[in-house]
Amino acid sequence: MNATTALERQQHTFRSGLTRPYEYRREQLMKLKQVMKNYEDEMLDTLETELRKPKTESYMTEVGVTYEEINFTLKHLHRWMKPKKVRTPVSHFGSSSRIYPEPYGVALIIAPWNYPIQLALAPLIGAIAAGNCAIVKPSELTPRTSALLKKMLSEVFDDDYVAVIEGGVDVSTELLALRFDKIFFTGSVPVGKIVMEAAAKHLTPVTLELGGKSPTIVGRDANLDLAAKRIVWGKFSNAGQTCIAPDYLLVHQSVKSELLTKMEHYIQELYGDNPREAGRYASIVTERHAKRLAGFIDNAKHIVRGGKYDTADRYIEPTLMDEVTRDDALMQEEIFGPILPIIAYEDLSEAISFIHSFEKPLALYLFSGNQREIDTVLEQVSFGGGCINDTILHIATPYLPFGGVGQSGAGAYHGKASFDLFSHQKSVLHQTVKYDLPARYPNSKLGAKMIRSLMK
Ligand code: NAD
């Protein structure tokens, strides 16, 4: 089915009202969970084949987290769907006010390759919960996972309701030329700009989940052992191909050498002598991507640990790189791989200025035992979201809306935020017909005085 036909059919379904009732939405979410259960092993196998993702990691970051999202939505959906009564000012005496969340219509969801299951299905959960139809365009760089997603979703959903359209830039471009009612895009900043431009042509509301350079700061009062372990885990999971992975490390000069020693220890402990063979470490998505990362290693001034690569096998060793400056090539773009540049600072203001020399990041991590330091960073640095004394985990709670700010994205989802994101909030004033206050009318004698006293 081509993109135009798919959209027209879904518009027809949406207009029929089929997707609106609570029971229908609930049933579709349960079907989605069931099909995931049926294909759980196949999903884990495919991710292992395609990205060498360890199964436990895949379960945690792709499958389990999506079950959690469905469970949470099922638990709260009925309440979220209810019109919300809000207060009405005294100037509107006699009337009441409600906000009705209503589905937009047909949503387009464009997903990247790095968490190809989760990043296609998590937005879909929001779209279904809010009562929309949806077309999902997974990434062409993980074709087996994309094909599996298509197989799974077409087994439980009619194409006229939820369809998967596979393909690369050409298909994406074709879809973006159409008039959807909502676009949800996850991917890189440059493509995010293309998506926003396409959305602007139809004035389609758009959510952009993008990337960028997410800093990690380690202050001198930090618990260095835990900082080292949690940074190593956050950076090297999925071989650094995580939108919110620590991109670079800013560490207080006085604790740098101790932190590095501990990080080396944890790389060894978590990934062993040969991470590729240990079955605990993902591959780089393509040889082309591996070559880009290998280029950073070739130009390094000082590799503290790691540095081995085999681009034909899409392998880059977990690598710590010291003596990095703001002008180095790997500081000019999002690294998106298992290389961590390390920059020492003397004063926190220096670290903050360094972060300010980049666009607003998607995530920030601060390891500190000093409340003033924590307050300073939270007050002075704008970022999408993050953790104090940890990495990554803020993404995995349905109570924290997840998204970027500035060039790292627009809009946030997960939990209720997903439902809100795929809903238009329709505000309605219900007026009484029992009486009609004359003050607003131009022939009212008391009007002008009364309005001034009510609206001062
Ligand atoms: P990408 O932008 O290259 O591709 C994402 C999607 O857009 C794919 O489906 C692709 O087919 C499509 N696409 C690519 N070029 C296009 C074009 N010119 N016109 C229209 N569509 C196009 O991103 P990627 O390489 O798949 O993913 C990596 C990027 O995504 C990183 O920057 C990462 O930080 C970001 N990311 C963000 C999040 C988040 O939640 N904020 C999550 C994962 C990844």
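When we screen F367, F354 for residues that are aromatic (F, W, Y), more than 14 Å from the ligand (Cβ to nearest atom) and crowded, with 22+ Cβ neighbours inside 10 Å, the only hit is F367.
Consider region 409-456 and keep the residues that are small (G, A, S) and assigned to a loop (DSSP other than H, G, I, E, B). The one that is nearest to the chain's Cα centre (by Cα) is G411. Are any residues in region 429-448 hydrophobic (A, V, I, L, M, F, W, C) and open to solvent by less than 50 Å² (accessible area, probe 1.4 Å), and if so, which ones? The one that is hydrophobic (A, V, I, L, M, F, W, C) and open to solvent by less than 50 Å² (accessible area, probe 1.4 Å): A439. Does region 163-192 hold any residues that are open to solvent by 50 Å² or more (accessible area, probe 1.4 Å), touching a strand residue (DSSP E or B) at 6+ places or on another chain (Cβ under 8 Å) and more than 10 Å from the ligand (Cβ to nearest atom), and which are they? Selection gives D181 alone.
Filtering region 382-393 to residues that are more than 12 Å from T216 (Cβ to Cβ) and more than 12 Å from the ligand (Cβ to nearest atom) leaves S382, L393.
Is it true that R230 is farther than 25 Å from S408 by Cα and in contact with a Ser or Thr (Cβ under 9 Å, 6 or more places away or on another chain)? Here the answer is no, as R230 does not meet what is asked.
Within region 388-405, at least one residue is in a strand (DSSP E or B), without any contact (Cβ under 8 Å) to a residue 60 or more places away in the chain and not aromatic (F, W, Y).
Which ones in region 382-420 are farther than 30 Å from H78 by Cβ, in contact with a strand residue (DSSP E or B) (Cβ under 6 Å, 6 or more places away or on another chain), buried (at least 18 other Cβ atoms within 10 Å of the Cβ) and β-branched (V, I, T)? Answer for region 382-420, where residues must be farther than 30 Å from H78 by Cβ, in contact with a strand residue (DSSP E or B) (Cβ under 6 Å, 6 or more places away or on another chain), buried (at least 18 other Cβ atoms within 10 Å of the Cβ) and β-branched (V, I, T): just T391. Evaluating D221 against the criteria (1) part of a helix (DSSP H, G or I); (2) away from the ligand (no atom under 16 Å from the Cβ); (3) not aliphatic (A, V, I, L, M) leaves one unmet condition, (1). Across region 265-309, the number of residues qualifying as open to solvent by 60 Å² or more (accessible area, probe 1.4 Å) and not aromatic (F, W, Y) comes to 17. On the stretch given as region 195-211, residues that are within 18 Å of the chain's Cα centre (by Cα) and either open to solvent by 30 Å² or more (accessible area, probe 1.4 Å) or under 17 Å from F236 (Cα atoms) (or both) total 4.
In this structure, A227 does not satisfy being outside any helix (DSSP H, G or I) and away from the ligand (no atom under 16 Å from the Cβ). Screening G126 with (1) more than 14 Å from the ligand (Cβ to nearest atom); (2) crowded, with 24+ Cβ neighbours inside 10 Å; (3) of a type in the set (G, A, S); (4) outside any strand (DSSP E or B) gives one miss only, at (1). Within region 136-146, being surrounded by fewer than 23 Cβ atoms within 10 Å (Cβ to Cβ) and either within 14 Å of the ligand (Cβ to nearest atom) or not assigned by TED's automatic domain parsing to the domain that holds V164 (or both) holds for E140, L141, P143.
Residue check: A312 meets all listed conditions (1) open to solvent by less than 60 Å² (accessible area, probe 1.4 Å); (2) more than 24 Å from L259 (Cα to Cα); (3) small (G, A, S); (4) part of a helix (DSSP H, G or I) but one, namely (1).
The values are calculated or read from the model by the stated rules, or taken from the named source; none is laboratory data. Owing to the predicted nature of the structure, the values given are computational and were not obtained by experimental measurement. Positions of Cβ are generated from backbone atoms using ideal geometry, with glycine treated the same way; all protein chains shown enter the neighbour counts. Note: accessible area is taken over every heavy atom of the protein model, side chains too, but ligands, DNA and RNA are not part of it. Shrake-Rupley method; radii C 1.70, N 1.55, O 1.52, S 1.80 Å.
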